[in-house]
Structures are given as C-alpha cells and as structure tokens.
Amino acid sequence: MWLILFFVLITITASEKISVNKKCRDLLACAIRKECVALEDVVHKFENKTASVQMYNDLDKSVDYGCIFSTGCYEECEACPLCISSKQQVVDVLSGNKLENSESCHELINCAGECVKRSSSDIDKINHCLRHTCAYSCFDGSCPKCSAFVTRIFNQICVSGDLRNKVAGFTGQCPELFREIVYAKFKAEFDAHGTKPMIGKHGN
C-alpha cells in the first residue's frame, strides 16, 4: 500500500504542520488499535536483532496502509487532511501527471509514476517498485514531508511495541532506530550520495 501512502504525504505544507499533527494524531493511534499494524509480528521479528534490510522489509510488510487510511480508520482518516487529499494525488499519478523538477517531492512522485507506467497495472509490481526503489526518495531529504509522516507511523509502532528495548545493542530513541533501519535498507544509495537518512537528529 505504499502507493496510497506516498500521495498522502506530499500534501503537507510547513504552515500546516502543527495543525496536521493535531488532526492526524488519532489516526496514528487508530492504526495500532484497529490492528492496521501487525504489532506482535514486528515485536517478534525485532527481538534481539540488529538493524538490517530484513528488519526494514519486515516492518514494511507489517503495515497495512489501506487499513490505516480507509477500512480500519475511516473516521480518523476523514479528520486528517493528509488522508483526504491522497485520493486526488493517486488519481493524478494514475493519470500519468508528472511533477516539474522544481516542485516538492518530484523525485518520489515521478518515480511512483514510472512504477505505474512500467507495471502494466500489476499491483504486485507497483508495490515492489514503490517499496524497494521509490521509498529511498522518501528519506533522502528531497521530500521531508514524506519522511516526517512515515517516521511518525514508526514512532507509534516503536512506542507501542517497546522496540527500543527489543533491538540488540540499541540505546537511542525511536527516530534514531528508524534511521538505522532505513540506512541499512538503502545503504548503497546513501553511500553513493555521501548522505544519511533525514530522520531523527539528522532530519525530522
């Protein structure tokens, strides 16, 4: 469900951030309450493990964004501007609209558009492309709105599952843990650009 998530995220503006935080707080809590996140599975797979590609993939698979933004948390979604505006963004991408290089999050959105174009409407191919290719642009600093929101989702999971005390040798805060996991997943890309994920003390 990365396709839904990506276009939820690009609609935030800096002036809206405080309002969005307040309006979307219940949505994040609902994600745990309605089991849109396979929390027990995440806790089990994180137990005594270190940050790795597999940890990122396990976390990614555990989150049902369709549930978060629709079937499980519909009312909370309706109260959250990020969720409501996602529908039009998805339509834009599926229609083949492309953002100019000067526009915010153009790397992420245009990558998603290419995924759709190359997939021949194969949902599995689209999801794989979004999760393993385009997701890098959510964390490389080119789309801070995406990184901020995804980090909030992880923080909710991290606190609810006490993940800081589950991961082997980790002593930091939840955003720092997420940063390590994201770096492990996209290490080749970050190293090639000489950068780190824009998460926690280095970003959001």
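The values are calculated or read from the model by the stated rules, or taken from the named source; none is laboratory data. In this text the structure is predicted, and so the values were computed from the model without any measurement. A quick note on method: Cβ atoms are made from the backbone with ideal geometry, for glycine too, and the neighbour counts reach across all protein chains shown.
Taking every residue in region 150-163 that is in contact (Cβ under 8 Å) with a residue 60 or more places away in the chain and among the β-branched types (Val, Ile, Thr) and pairing it with any residue that is surrounded by 20 or more Cβ atoms within 10 Å (Cβ to Cβ) and not in a helix (DSSP H, G or I), at least 6 positions away or on another chain, the pairs with Cβ-Cβ distances below 7 Å are Ile153/Val63; Ile157/Val37.
Yes/no matrix, rows are residues, columns are (1) modelled with pLDDT of 90 or more; (2) β-branched (Val, Ile, Thr); (3) buried (at least 18 other Cβ atoms within 10 Å of the Cβ):
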site	(1), (2), (3)
Ala31	no, no, yes
Val42	yes, yes, yes
Tyr74	no, no, no
Cys77	no, no, yes
Val91	no, yes, no
Leu94	no, no, no
Ala112	no, no, yes
Arg118	no, no, no
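Scanning region 120-136 for residues that are free of Cβ contacts under 8 Å to residues at least 60 places away in the same chain and part of a loop (DSSP other than H, G, I, E, B) gives Ser120, Ser121, Asp122.
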